[in-house]
Amino acid sequence: MSLSSAATLLKYVAGTAATGSVLVAGGLWYFQRHLIYPSNLPSGSRTDVPTPAQIGLPYEDITLTTNDHLKLHAYLIPARRRPVTLQDLQSLSNEDRKARMKAEVDGWVEEMGKEDAVEYIKSRPTVVFFHANAGNMGHRLPLARKFNVEHGCNVFMLSYRGYGKSEGHASELGMRIDVEAALQYIQAHPLIGKTKLIVYGQSIGGAVSLYAAASHPDMISGIIIENTFLSLPLLIPSIMPQIPRFLLPILLTEQWDAALSLPKIRKSTPILMLSGKKDELVPPSHMVELRRIREGGRVQEASWQEEGQAANAAREKKDLGGKVRWREFPSGTHNDTCLIPGYWKEIGEWIREEVEGLPVEKGE
């Protein structure tokens, strides 16, 4: 679930045509952070956060402290040479499955006393997982399992402020502070501090990922974004056409301008862009435009004209036409692109080729 909740609520507020634009504009201004960051949806998302142990993954339960003194919740799932596979679990009864998952978690403490297990963690890439705008990080554990078990990556999952068991209330400014806290923690961590970092994000998580890579170009070795928008000011008109565009600079405090982050990312940093062509919330043209910008195109339509000019000036100064791999999924919608056949194969090949520098056979 992501931007659909905002669209549904705003359409309800709109009512009928004559007064719709006024009501929606007022609703957007007053409720925008609640609409953009529906952290309480689905019900129980602020209190019920699934843990990696529930799917047989040993993990560190982490509390971060931000520069503005908020406590954030995070998970670190270490890479292991012989993790329990989904096939192993599916072949067991419910009772045996629970016992097996508990044994995996209990055995991890002993495993971490072995030098080869520690060295394996240090040798593997780390995926920094920035989730979409509804639910909590625990709802994305099946995706984290894919990275961890199938592709041998460490996975660091961050719960933004105002999400799950993290303190505070979500905002763009606050979430940028959260990113800083997460990357500082990772950099100081004795096991993953020197690993290659891949930032991964779906929808608004992609915008967060691009911000992280733009702010810390020396730390990030790769970027994966899926169904991400150019910016919120450019997205809102497609969700709520009732709102006059000229009002958006006045109404919106949240921008998440991915198009302005791209020129600040190193040309040599590989990016994998995954786009669902049937995305019903973020028009696929947004991903196409992000690809064009990354390949060296000018920022044609930024949130505000002055910022667009600044982005173009930065691009011309740095000659940024960077590395990007593009994959479209013809049947992918906003929320199920990650379930389409070929999605995880594409990610695995990209990690091996672009991040690890290993050859991949075409028939693999």
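The values are calculated or read from the model by the stated rules, or taken from the named source; none is laboratory data. Note that this is a predicted model, so its numbers are computed, not measured. We place every Cβ from the backbone using ideal geometry, glycine too, and count neighbours over all the protein chains shown. Heavy atoms of the whole protein, side chains included, go into the accessibility calculation; ligands, DNA and RNA do not. Shrake-Rupley method; radii C 1.70, N 1.55, O 1.52, S 1.80 Å.
Scanning the stretch 221-248 for residues that are farther than 17 Å from SER275 by Cβ, open to solvent by 10 Å² or more (accessible area, probe 1.4 Å) and either aromatic (Phe, Trp, Tyr) or free of Cβ contacts under 8 Å to residues at least 60 places away in the same chain (or both) gives PRO237, PRO241, ARG245, PHE246.
Inspect all residues belonging to the stretch 157-166 and state whether any of them is farther than 30 Å from PHE31 by Cβ, open to solvent by less than 30 Å² (accessible area, probe 1.4 Å) and among the aromatic types (Phe, Trp, Tyr). Checked the stretch 157-166: no residue is farther than 30 Å from PHE31 by Cβ, open to solvent by less than 30 Å² (accessible area, probe 1.4 Å) and among the aromatic types (Phe, Trp, Tyr).
Taken together, the residues in the stretch 327-351 that are within 22 Å of CYS153 (Cβ to Cβ) and either in contact with a helix residue (DSSP H, G or I) (Cβ under 6 Å, 6 or more places away or on another chain) or open to solvent by less than 60 Å² (accessible area, probe 1.4 Å) (or both) amount to 14.
Please work out which residue is nearest to THR65 (Cα to Cα), limiting yourself to the stretch 185-199 and to residues that are in contact (Cβ under 8 Å) with a residue 60 or more places away in the chain and either assigned to a loop (DSSP other than H, G, I, E, B) or open to solvent by 30 Å² or more (accessible area, probe 1.4 Å) (or both). Of everything passing the filter in the stretch 185-199, TYR185 is nearest to THR65 (Cα to Cα). With respect to LYS114, is the statement that it is modelled with pLDDT under 95 and open to solvent by 50 Å² or more (accessible area, probe 1.4 Å) true? Here the answer is yes, as LYS114 does meet what is asked. Residue count for the stretch 79-102 satisfying the condition of being touching a residue at least 60 places away in the same chain (Cβ under 8 Å) and in a helix (DSSP H, G or I): 1. Flag set for VAL208, criterion: buried (at least 21 other Cβ atoms within 10 Å of the Cβ), touching a strand residue (DSSP E or B) at 6+ places or on another chain (Cβ under 6 Å) and under 24 Å from LEU232 (Cα atoms). Quick one: VAL128 ticks every box in (1) among the aliphatic types (A, V, I, L, M); (2) open to solvent by 10 Å² or more (accessible area, probe 1.4 Å); (3) outside any helix (DSSP H, G or I) bar one, so which box is it? Status for VAL128: all satisfied but (2). Considering each residue of the stretch 165-184 in turn, none proves to be in a helix (DSSP H, G or I) and either among the hydroxyl-bearing types (Ser, Thr, Tyr) or under 21 Å from TYR343 (Cα atoms) (or both). For the stretch 306-326, indicate whether the set of residues that are of a type outside the set (Lys, Arg), at pLDDT 95 or above and part of a helix (DSSP H, G or I) is non-empty. No, the conditions are met nowhere in the stretch 306-326. Applying the criterion of being hydroxyl-bearing (Ser, Thr, Tyr) and touching a helix residue (DSSP H, G or I) at 6+ places or on another chain (Cβ under 6 Å) to the residues of the stretch 198-223, the residue that is farthest from VAL355 (Cα to Cα) is TYR211. In the stretch 143-160, the count of residues that are touching a Gly at 6+ places or on another chain (Cβ under 8 Å), part of a helix (DSSP H, G or I) and free of Cβ contacts under 8 Å to residues at least 60 places away in the same chain is zero. Could you please let me know if ALA302 is at pLDDT below 95, open to solvent by less than 70 Å² (accessible area, probe 1.4 Å) and more than 28 Å from GLU280 (Cα to Cα)? It is false that ALA302 is at pLDDT below 95, open to solvent by less than 70 Å² (accessible area, probe 1.4 Å) and more than 28 Å from GLU280 (Cα to Cα). Restricting attention to the stretch 260-278, the residues being out of contact with any Ser or Thr (no Cβ under 6 Å at 6 or more places or on another chain) and either open to solvent by less than 20 Å² (accessible area, probe 1.4 Å) or in a helix (DSSP H, G or I) (or both) number 13.
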